[in-house]
Amino acid sequence: MDRQVNGAGENFYKVRKDIDVLRRDIGKLTASLQSDAGDAAHHVSDEIAEKVHELRGRVDELTTELSAKGRDVRHMTEQRIQERPLTSVAVAAAAGFFLGKLLRRPA
């Protein structure tokens, strides 16, 4: 009977020791996973920042391009008005008349 008690005590001690080893391993694994997740998040964050930078550059290019086209259209319009001033006044008056009719509230 003493042997069984001693054997059970030894088994309990071994199991306890194995549990302690498992706890340490789980702690190391958790730390490793957190580090890997942090690295992955940092990598994704860097990629997002790079894409945002690229998009900002593209937006700047498009803004410059649209601004230039707007200036071209304004210049062409001014040129047409100078070439045909009476026609321009007639078109503007007609446009104002129709807009007034469309926007007038019914009585």
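We did not get these values from a lab; they are worked out from the coordinates using the rules stated. Quick caveat: nothing in here was measured; it's all calculated off a predicted structure. When we count neighbours, we look across all protein chains shown, and the Cβ atoms used for this are built from the backbone with ideal geometry, even at glycine.
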Give me a count of the residues in segment 87-107 that are over 17 Å from residue 77 (Cβ atoms) and either assigned to a helix (DSSP H, G or I) or touching a Cys at 6+ places or on another chain (Cβ under 6 Å) (or both). 7
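Checking the structure you have, find out if any residue of segment 80-92 is loosely packed, with under 10 Cβ neighbours inside 10 Å and not acidic (Asp, Glu).
To start, the set of residues in segment 80-92 that are loosely packed, with under 10 Cβ neighbours inside 10 Å comprises 82-83, 86.
So of that shortlist, the ones also not acidic (Asp, Glu) come out as 82, 86.
The answer is yes; a qualifying residue exists.
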